[in-house]
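The structure appears below as structure tokens.
Nothing in this text is a laboratory measurement; each read-out follows from the coordinates by a stated rule. All of these numbers come straight from a predicted model, not from anything done at the bench. As a convention, Cβ positions derive from the backbone with ideal geometry for all residues, glycine included, and neighbour counts pool all protein chains shown.
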Amino acid sequence: MENVRNINILRNVSVPDLSAIQLEMFNEKSLLARRTGKLEPMHAMRVLNEMKGRKTLVADIGGTAAKTNIAVVGDNGQILIDESQESMVENPDKQGNQYLDFLTQAGKKYPNLPVAVSSGGVVEDNNLITNANFPFFVDQLKQAGGFTSVFNQPEVPLMNDAQAGVIAGGVGIAQRDGKAKPVIYIINGGGIGGAFMDRDGNITSMEPGHIEVVDKSLNPNGVQTPCELFSDWKHVCLERIGASGAGIEAQWEALTGEKLPGKDIAEKMYMGDERAKQLYVSSALIVAHIIEGIRNTMNCQIEDVSIVLHGGAFKTEGMVDLIERILKKHHQVENVDLVPTSKLGYSNACMTGLAISALVNQAELNQVK
């Protein structure tokens, strides 16, 4: 008998419990929590509502490619990303040889637009310090005088993708609710990242995916691949189990010998494959631990916080529902505010957050003048 495609598999699984010993691993030190900026959501809303039709240039510098795009402020202060304006240069040699020229040309093409940049790697005091995926570009950028020189702008906000995403999440929740709330932002794609914004707009960036897995029940397939965020880190970290790429896809290949993207593994699950189902249940449980660990570390109540979710894993049918049920069971509450970025109207949360930051920064510079 042929299996029938069932997209409700994750919605029907029994709800697992959170592990007390795993939750004890979360603190500001283990999360590598660092204060990385401030953007007050209600102020940002007011700025955006006064900027209908204004455009900004946003740049996202990643390990595989650098991209630029144009964002425009729509009605009611929404940020619209013009996908037809996207430009990209790839990074096949993992050096970033073409990045500086690409960004310089973008700045020359749009000389009058405010700019904001997101980048992988170590970002400190609005400077890109290092990145193993494009070291040549990092050196070139320092010699050129940084992003303000490249784009010929008085200020260019620079942040990692989680910081940009939590800005988009914080402002999006404020637009939805008419008030600012604490926001936890989780990315689950190739790896797992996260950030936190309090109701005043103070941003804390984190590395939640790299916390050690200490409860072996959370690693049912016995993954032994070390974390390696730093050269001396040899523990198995949460993203090796729960991330879409580094966890689900890597485990599927190890278990079956078959290299598949996450969406195809999800299709296997819908068709009744028990291994695929187990991988997604484990991922949901890991993400629930990360949410609860961040919530507890940042000392906010589950009833008060909104949890904004971004990345391919959360597009899997039933994934968000299962995470929600785990958290409801743990807290014995009726409602947990889990919000995929698509529900905030964002096609690209990172670039949306960059656009908000660039426009607010421009408004503040104009006030100073």
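If R0 is 35 Å, the Cβ-Cβ spacing of residue 12 and residue 347 corresponds to a FRET efficiency of close to 0.70. Distance from the alpha carbon centroid of the range 227-289 to that of the range 302-368 works out to 22 angstrom.
Entry note, the chain: relative contact order of 24 percent, from Cα contacts under 8 Å with a spacing of 6+ residues.
If a spin label sat at a point 7 angstrom from the Cα of residue 105 along the line to its beta carbon, no backbone N atom of the range 121-144 would be nearer than 14 Å. Pairs of Cα atoms nearer than 8 Å and 6+ residues apart set the relative contact order; for the range 232-369 it is 19 percent.
Residue separation of residue 76 and residue 5 scaled by 0.36 nm, minus their Cα-Cα distance, works out to 21.5 nm of gained length. Secondary-structure-derived ellipticity at 222 nm for the chain, considering helices only, amounts to -11000 deg cm²/dmol, per-run term -39500 (n - 2.57) for DSSP H runs with n ≥ 4. Sorting 300, 237 from the fewest to the most surrounding beta carbons within 10 angstrom yields 300, 237. Bridge orientation summary for the chain: considering DSSP beta bridges with both residues in this region, about 65 percent are antiparallel.
Fully extending the segment from residue 83 to residue 43, taken as 0.36 nm per residue of separation minus the present Cα-Cα distance, adds 11.7 nm. Among the cysteines of the chain, 300, 350 have no other cysteine beta carbon within less than 4.7 Å of their own.
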